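Data block below; observations after.
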Amino acid sequence: MDKKVFNGITVVDFGWAIAGPLTLKYLADYGAVVICVESFQRPDLLRTATPYKDEVAEVDRAGYFAYFAANKYSISLNLNKPNGLKIAKKLVSRADVVADSHRPGVMERWKLGYDDLIKIKPDIIMIRNSNQGLTGPAATHPGLGNHINGLAGIVNLIGWPEQEPISLMVAYTDYFVPHFAVTALIGALDYRRKTGKGQLIDVSQFEVGLQLLTPSLVNYSVNKKEEKAKGNASDYAVPHGVYRCKGDDRWCAISVITDAEWQAFRNAIGEPDWLRKPEFRTATDRKKNEEQLNLIIEQWTSQHEAEEVMRILQEVGVAAGVVQNAEDLYKDVQLKERECFWVENHKELGRFSHLGQPSRLSKTPARLYKVAPCLGEHTEYICRDLLGMSEEEYDGYLVEGIFE
Amino acid sequence: MEQVKGLLGSYRVLDLTDEKGFLCGKILADLGADVIKIEKPGGDESRKLGPFYRDIPDPEKSLYWFAYNLNKRGITLDIESRDGQQIFKRLVKTADFVIESFTPDYLDGIGLGYTALSKINPRLIMTSITPFGLDGPYKNYKATDIVVMAMGGLLYITGNPDEPPLRISLSQAFLLASAHGAAASMVAHFYRETSGEGQHVDVSAQECVLWEIANAIPLWELNKNILRRAGSYMSGRWTGTKQRLLWKCQDGYVLFYVLGGAFGVKTNKAIVRWMEEKSMVPEYLKNFDWSIFDMANQTQEMQDLIETPIANLFLKYTKEELYSEAQKRGIMLCPVSTSKDILENAQLKSRDFWVEVSHPELSTSITYPGAFAKLSQTPLTFRYRAPLIGEHNLDIYQGELGLSHSKLAILQRAGVI
């Protein structure tokens, strides 16, 4: 029997893109009814990005959206029409949580700000994910997660010493803000259960982003020191880096901290003479001659496949891992064993891997209850079954174009 | 720093983690939980992690320790000794969460695994944070940050195309795992509060890194296209065309990209207007119809034609000037901030983001990043600086468990506490 943690909880999500919807992924994967409010005029941003099934650019063939949208419902609702808004407000009156991840001001335009919502549902919990929070001079400055890579200073920590920094290609904070945001959200749900009180949760992507950089910020505030990019080097480990292996663009990450690990590393690769050189004897020696050491190690790694380098080193207790690309991850035996991807047939995408949850709960595991929704797939179900609309009423809205 | 109960005010967390799990307990502590960091006698190894207060390496001056143990209390205990285990089990009776980041099976091996502890306290939630999870073929693989970043897929897509993949210089993988660990613990907590049952939460850091790689998996599954690193460009979201993300300006860099679709129109028009004002707009951009500009049909040649004059515009300004213009003009652009910039950022100041925490033994107070969320009813609170070694031993062992002075002296001499 399934034990759904959030059984009976209903979430209405007016948000889009990544951080907002990914926060609610937690609730959907653990059994809440999470309704994405979209429309054909305004589909989720991720429905308009690659990849598309057979490269046919249609909203229901967008893999980026579907990958993150397991277990969710979708209603298509034109909020710019009065009756669309009326239905949205009806949904709010049935909801436990309302979520938004637009720029502050957008929800207010629809009269769906927190002050409006509590008039409809006094104990509502509203969670708002935005780039810089709901208040302050930059609150309404538009932007996406990628911009926060710059603003939060993450970009300054990527690159080779004394060279231009290199940006991440992904909107890094977008994918971890949800971890933080949902702790507050679940806490608020529990608080409401105990006290009957709802509340507003204001999550700034910028402020959450800084939580992963605290040591460097404190280092500046205390020592006036700016942390700098160090390539792949570490202050604590040497050798430490990414080494070229046999094949095209194949690499293995290796990290040796203790002298015992260094000894094991030497043994594992057959104690070649160069490793006995005095310039590599102690960690301090190795750090001093790191560049030379890395070049020599690469002479060894480049004769082996990355998987083999990992296996040889892991067998003797040295931290090593293949630099996995998407194909490697897709086939990764560890991820497979832990059922990290939820594979199911999707009517537009075919056999499709949805992203699961990164942990296993022993008694209430997350699982795939339903595949990612097509746009508006549940419009009728939500209106008729959840909101109890008559057939006549529903058809009236349909003709009026409310669901387009 | 007043005592406010917060969301988790009546719950206790026993935190056995090292740096792989510090942030998990810190998040729960920020939500109000009473988090007790348990270190081995003499102090945690992680206290050796820099940076240090005034660059003085000292277990009581690790800024890394300060940063991620803020809001916790601390005791010392040798959980491998018999006496230590008995004390730990007594603490477990009244605890709500235990979080740990030992190698898989370690706690089982010393009789303190989930099965044993859940017998003492069936409501207990135990959260284990490990590189690859508690089962599967790689469960015993050793890993540091760079290895997990490699195995989780973020490394491969970061860096210049003709150079080795690059990591973020400040370790991230276990911070991601810790943040997720807090979230998953809250899921289990919600279930416990409604059912009375605790459970074991098994977090894989590799899978947390996997969350970070955008559309790489569906891109492979649907189109057999491998997302590859492209330096400071974004690729793989629309066509094969790459969009520049990082731009040089007079005193540093800014983050900006030319986006298609309805979402990009306002920014793109505003940039052209700005170029017009500076007489820097090329002929072909003067009457450009941004409403039909779509990345899906964009060629690299056209993208470069658009980006080149923008690059020239940005070179005329400092990052502060660019950010201030961007805010005035509604352009999606942010500076690449240094730590100094962040500490001085007006938005953060206006939101009272920073917290000043007193460190009496250093005769100073230190500025820390504040709340990760603003909750209208139950704001996050900052109550203590990170604990000194064994700082709360008396409070816990004597005040709570009622151990006598002489018993404590014996335990101390035996190296148990």
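The Kirkwood radius of segment A:313-403, taken over pairs of alpha-carbon atoms, gives through the Stokes-Einstein law at 20 °C and 1.002 mPa s a diffusion coefficient of 124 µm² s⁻¹. Using the Karplus relation 6.51 cos²θ - 1.76 cosθ + 1.60 with θ = phi - 60°, the per-residue 3J(HN,Hα) values for segment B:395-405 come to 4, 7, 6, 8, x, 9, 8, x, 6, 6, 3 Hz, with x marking Gly and Pro. Once the dipole of chain A is set up with Lys and Arg at +1 and Asp and Glu at -1 on Cβ about the Cα centre, which of A:156, A:212, A:136 lies farthest towards its positive end? Of the listed residues, the answer is A:136. Note: relative contact order over segment B:232-342, using C-alpha pairs below 8 Å and six or more positions apart, is 36 percent.
Close amide H partners of residue B:125, meaning residues 5 or more places away or on another chain with modelled amide H under 5 Å apart, are B:97, B:98, B:199.
Set the Cα radius of gyration of segment A:159-242 against 2.2 N^0.38 Å, with N its number of residues, and you get 1.56.
Count charges around residue B:156 for me, please; just the other residues with Cβ under 9 Å from its Cβ, Lys/Arg as +1, Asp/Glu as -1.
Numbers: positive: B:228, B:229; negative: A:249, A:328.
Once all neighbours under 9 Å are counted, the net charge is 0.
Shown for A:255, A:353, A:359, B:406: other C-beta atoms within 10 Å of each C-beta, ranked fewest to most, produce the order B:406, A:353, A:255, A:359. With respect to chain A, whose longest principal axis is taken over its alpha-carbon atoms, helix A:82-94 is tilted by about 70°.
Over chain B, what is the percentage of antiparallel beta bridges among all DSSP beta bridges, to the nearest 5? Within chain B, antiparallel bridges account for around 40 percent of the total.
Between the Cα long axis of helix B:300-314 and the first principal axis of chain B there is an angle of about 80°, rounded to the nearest 10. Each peptide in B:55-65, A:322-332, B:395-405 gets a packing score, the mean of other Cβ atoms within 10 Å over its residues, and the list from highest to lowest is A:322-332, B:55-65, B:395-405. Per residue, the convex hull spanned by the alpha carbons of segment A:240-328 comes to 84 Å³.
Two numbers describe the Cα atoms of chain A: Rg and Dmax, which are 25.4, 87 Å. Inter-chain Cβ neighbour count for B:62-72, averaged per residue, equals 3 (cutoff 10 Å, partner chain atoms only). Mean separation of Cα pairs under 8 Å and 6 or more residues apart, divided by the residue count, gives chain A a relative contact order of 21 percent.
By the count of neighbouring beta-carbon atoms within 10 Å, fewest first, A:224, B:319, A:3 end up ordered A:224, A:3, B:319.
Enumerate by residue number the GluC sites (Glu not before Pro) in segment A:157-236 meeting two conditions: DSSP loop (anything except H, G, I, E, B), and at most 15 other Cβ atoms within 10 Å of the site's Cβ.
Numbers: sites: A:162, A:207, A:226, A:227; in loops: A:162, A:226, A:227.
Taking segment A:157-236 and a limit of 15 other Cβ atoms within 10 Å, the loop GluC sites (Glu not before Pro) found are A:162, A:226.
Translational diffusion of segment B:232-342 was estimated from the Stokes-Einstein equation, with Rh taken as the Kirkwood radius over Cα pairs; at 4 °C and 1.567 mPa s the coefficient is 90 µm²/s. Shown here for segment A:95-183: trypsin sites (Lys or Arg not before Pro) in loop regions (DSSP other than H, G, I, E, B) with at most 15 other Cβ atoms within 10 Å, namely A:111.
At 37 °C and a viscosity of 0.692 mPa s, what translational diffusion coefficient does Stokes-Einstein give for chain B, taking Rh as the Kirkwood radius over Cα pairs? Give it in µm²/s as a whole number. It comes out at roughly 134 µm²/s. Tilt of helix A:290-301 relative to the longest C-alpha principal axis of chain A, in degrees (0 to 90, nearest 10)? Between helix and principal axis, roughly 80 degrees. Under a 10 Å cutoff between Cα atoms, tell me which one of A:357, A:211, A:263 has the largest fluctuation in the Gaussian network model of chain A. In the Gaussian network model the winner is A:263.
Over 19 Å apart at the Cα level, from the set A:81/A:111; A:230/A:287; A:4/B:119; A:224/A:288, are A:4/B:119; A:224/A:288. Positive end of the dipole of segment B:232-342 (Cβ unit charges, origin at the Cα centre): among B:337, B:235, B:270, the Cα lying farthest that way belongs to B:337. For the protein assembly as shown, pairs of C-alpha atoms spaced more than 53 angstrom apart make up 10 percent of the total.
Neighbour counts of other Cβ atoms within 10 Å put B:144, B:381, A:135 in the fewest-to-most order A:135, B:381, B:144.
Close amide H partners of residue B:355, meaning residues 5 or more places away or on another chain with modelled amide H under 5 Å apart, are B:368, B:370.
Net charge near residue A:162: determine it from the other residues with C-beta under 11 Å of the C-beta of residue A:162, scoring Lys and Arg +1 and Asp and Glu -1.
That works out to +1.
Per-residue 3J(HN,Hα) values for segment B:148-153, derived from phi via the Karplus relation 6.51 cos²θ - 1.76 cosθ + 1.60 with θ = phi - 60°, read 5, 4, 5, 5, x, x Hz in sequence order (x marks Gly and Pro).
Laboratory data are not the source of any read-out in this text; all were calculated from the coordinates shown. Note that the structure is a prediction, hence the values are computed from the model and not measured. Reconstructed Cβ throughout: ideal geometry from the backbone, glycine too, with neighbour counts over all protein chains shown.
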